[in-house]
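Participant: Structure provided below as structure tokens; questions to follow.
The values are calculated or read from the model by the stated rules, or taken from the named source; none is laboratory data. What you see is a predicted model; the values in this text were computed from it and never measured. In this analysis, Cβ positions are derived from the backbone assuming ideal geometry, glycine residues included, and neighbour counts consider all displayed protein chains. Accessible surface is based on the protein model in full, side chains and every heavy atom, while ligands, DNA and RNA are left aside. Shrake-Rupley method; radii C 1.70, N 1.55, O 1.52, S 1.80 Å.
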Amino acid sequence: MLQCIHTTIKFGGLTAVNDLNLKVDDREIIGLIGPNGAGKTTAFNMITGVYKPTSGGIFWDDTDIVKLKPHQITKLGLARTFQNIRLFKEMNVLENVIVAGNMRAHFNLFESVLHLPSYRQRERNVTERALDLLEQVNLKEHAYDSATSLPYGEQRRLEIVRALATRPKLLLLDEPAAGMNPQESEELMLFIKKIRSDFGISILLIEHHMQVVMGICDRMYVLEYGNTIAEGTPEEISGNQRVIDAYLGTENDFFDGVQEGGGNA
């Protein structure tokens, strides 16, 4: 579905991501890990059109998306969340999801200005789908609550639901477990697996919480100073000495942490 081929980006004399070769297949959950400053979010920003690569290509179903704008890439079927929650604070839970759903509504300016029946029907359709999405993730009872009144873990889920409202084929999650306690992280793992199953989509995620990535990912890529130093299954990555040295600390510390999190999927 998605391929980054020799993708590189430089900011002045700094190479933030160097020769990235990454692929995501249908219904895969792929992890992108590495120390702070490794280039993970920069890679996301290139994939979603925020940054333009200095060289290399990014392909979505054989279409080069390097020159496309973020909203054009979203319409193709790629949606993302952010490290810091970016909900619309002045809106309630339902309105946050409706805003994203409007991207697929194809409103006509003439119909919108005159509030024709066709416009009102599309509005109803968007609202009904937003409520259905909230029901699927057990947030419907909060539909008319302020988005920022939700507990932290539910705000994270709402941001993911808002991305799902754009009907993506690939969902990019930037540190979804950031700031979560162990119970919330466990719930998030189950939630991400449920999304993959229920919506039939692929997921690419950045995450520092090793129990999460080891527990749900099919494959992983590891970045260090913008370079890919390893690729493989969670088992292969956990046994890669270069990864352990660069990112995970000592081997014993790493395996102790993974075992506490319940092992691999």
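Participant: Out of D62, D25, which single residue is out of contact with any His (no Cβ under 9 Å at 6 or more places or on another chain), surrounded by fewer than 19 Cβ atoms within 10 Å (Cβ to Cβ) and either more than 16 Å from P168 (Cα to Cα) or basic (K, R) (or both)?
Facilitator: The match here is D62.
Participant: How many of the residues making up the range 207-250 are small (G, A, S), assigned to a helix (DSSP H, G or I) and either over 15 Å from I192 (Cβ atoms) or open to solvent by 10 Å² or more (accessible area, probe 1.4 Å) (or both)?
Facilitator: Step one: filter the range 207-250 for residues small (G, A, S), giving 215, 226, 230, 232, 238-239, 246, 249.
Subsequent filtering for residues that are assigned to a helix (DSSP H, G or I) retains 215, 238, 246.
Then drop every residue that is not either over 15 Å from I192 (Cβ atoms) or open to solvent by 10 Å² or more (accessible area, probe 1.4 Å) (or both), which leaves 238, 246.
Total satisfying the criteria: 2.
Participant: Of the residues N96, N92, N84, N125, which is out of contact with any Leu (no Cβ under 7 Å at 6 or more places or on another chain) and either on the phi > 0 side of the Ramachandran plot or modelled with pLDDT of 95 or more (or both)? Explain how you work it out, then say what you get.
Facilitator: On the way: N96 fails: out of contact with any Leu (no Cβ under 7 Å at 6 or more places or on another chain); N84 fails: either on the phi > 0 side of the Ramachandran plot or modelled with pLDDT of 95 or more (or both); N125 fails: either on the phi > 0 side of the Ramachandran plot or modelled with pLDDT of 95 or more (or both).
Unique residue meeting the criteria: N92.
Participant: For the range 132-165, which positions are under 20 Å from L190 (Cβ atoms), among the polar types (S, T, N, Q) and more than 17 Å from the chain's Cα centre (by Cα)?
Facilitator: Once the filter is applied, which keeps residues that are under 20 Å from L190 (Cβ atoms), among the polar types (S, T, N, Q) and more than 17 Å from the chain's Cα centre (by Cα), the range 132-165 yields Q136, N138.
Participant: Ok, one more. Looking only at residues that are surrounded by 20 or more Cβ atoms within 10 Å (Cβ to Cβ) and among the small types (G, A, S) in the range 65-106, which one is nearest to M1 (Cα to Cα)?
Facilitator: So the residue we want is A79.
Participant: How many of the residues making up the range 31-76 are closer than 20 Å to T166 by Cα and part of a strand (DSSP E or B)? Don't jump to the end; show me each part of the working.
Facilitator: Looking only at the range 31-76, we keep the residues that are closer than 20 Å to T166 by Cα, and these are 44-50, 59-61, 63, 65, 68-76.
Checking the rest, the ones that are also part of a strand (DSSP E or B) come to 59-60, 63.
So the count comes out to 3.
Participant: List pairs: first in the range 77-100 and under 12 Å from V161 (Cα atoms) and in a strand (DSSP E or B), second among the hydroxyl-bearing types (S, T, Y) and open to solvent by 10 Å² or more (accessible area, probe 1.4 Å), Cβ under 9 Å, 6+ apart or cross-chain?
Facilitator: Taking only residues 6 or more apart or on different chains, the pairs are A79/T48; A79/T166; R80/T48; R80/T74.
Participant: What number goes with the only condition from (1) open to solvent by less than 10 Å² (accessible area, probe 1.4 Å); (2) touching a strand residue (DSSP E or B) at 6+ places or on another chain (Cβ under 9 Å); (3) of a type in the set (A, V, I, L, M, F, W, C) that F199 does not pass?
Facilitator: (1)
Participant: Among the residues of the range 135-164, write down those that are open to solvent by less than 30 Å² (accessible area, probe 1.4 Å) and of a type in the set (G, A, S).
Facilitator: Answer for the range 135-164, where residues must be open to solvent by less than 30 Å² (accessible area, probe 1.4 Å) and of a type in the set (G, A, S): A143, A147, G153, A163.
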